[in-house]
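I have placed the structure first, in the form of structure tokens, so that the comments after it can refer back to it.
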Amino acid sequence: MKTALSILMIAVTLLLTGCDRGKSGLEQALAENFRDDQDLKDYKIDPDDMAECVADKISSAIPGLPGAPQRKAYFEAYTKMVKVTANKENPQPVLEENKEVFGSVRKAREAAFGITAHVLDCMGELVQQQGAP
């Protein structure tokens, strides 16, 4: 009984603390996008720290528990949106492609706009953390 409970606790801990499948790809795409960002350079914010913050905020907005298989599709969709924005491509094909993930093109567009909100939130938090001007 005690062994089964221990195994269950370890499994739950790994599930809740483990990285969501796909989150690292999103974080990497964000970091690449932030490498040349002048605002981050001006405020001396590490692009990797910014990417981690934004990915964490996106992750908390995605439905389901961390590690749940359906979350992978959300991470992939967000990663595609980040890449299309970074490359200044037409986002419409990516929004159309991800309408099933989000429920509609409109909701996919709202998710894409949400990335900007997360970026602004993280910028403020990271600037405040380091006491930058």
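The values are calculated or read from the model by the stated rules, or taken from the named source; none is laboratory data. On a predicted model such as this, the values are computed, not experimentally measured, just so you know. As a convention, Cβ positions derive from the backbone with ideal geometry for all residues, glycine included, and neighbour counts pool all protein chains shown.
Would you be able to tell me the number of residues in the stretch 41-78 that are over 20 Å from E110 (Cα atoms) and in contact (Cβ under 8 Å) with a residue 60 or more places away in the chain?
5
If L95 passes every condition in (1) of a type in the set (A, V, I, L, M, F, W, C); (2) farther than 21 Å from Q28 by Cβ; (3) in contact with a Phe, Trp or Tyr (Cβ under 6 Å, 6 or more places away or on another chain) but one, which one does it miss?
Answer for L95: the failing condition is (3).
Just to be sure I understand, how many residues within the stretch 23-55 are buried (at least 20 other Cβ atoms within 10 Å of the Cβ) and either closer than 30 Å to Q70 by Cβ or within 13 Å of the chain's Cα centre (by Cα) (or both)?
Number of matching residues: 12.
Could you count how many residues in the stretch 30-83 are outside any helix (DSSP H, G or I) and among the small types (G, A, S)?
Residues that pass the stated criteria total 3.
Go through the stretch 98-109 and give me each residue that's assigned to a helix (DSSP H, G or I) and surrounded by 12 or more Cβ atoms within 10 Å (Cβ to Cβ).
Selection gives K99, V101, F102, V105, K107, A108, R109.
Might you check whether a residue that is within 17 Å of A112 (Cα to Cα), basic (K, R) and at pLDDT below 90 occurs anywhere in the stretch 54-61?
Looking through the stretch 54-61, none of the residues is within 17 Å of A112 (Cα to Cα), basic (K, R) and at pLDDT below 90.
From L65, L16, grab the single residue that is modelled with pLDDT under 95 and over 19 Å from F102 (Cα atoms).
Within the list L65, L16, the selection yields L16.
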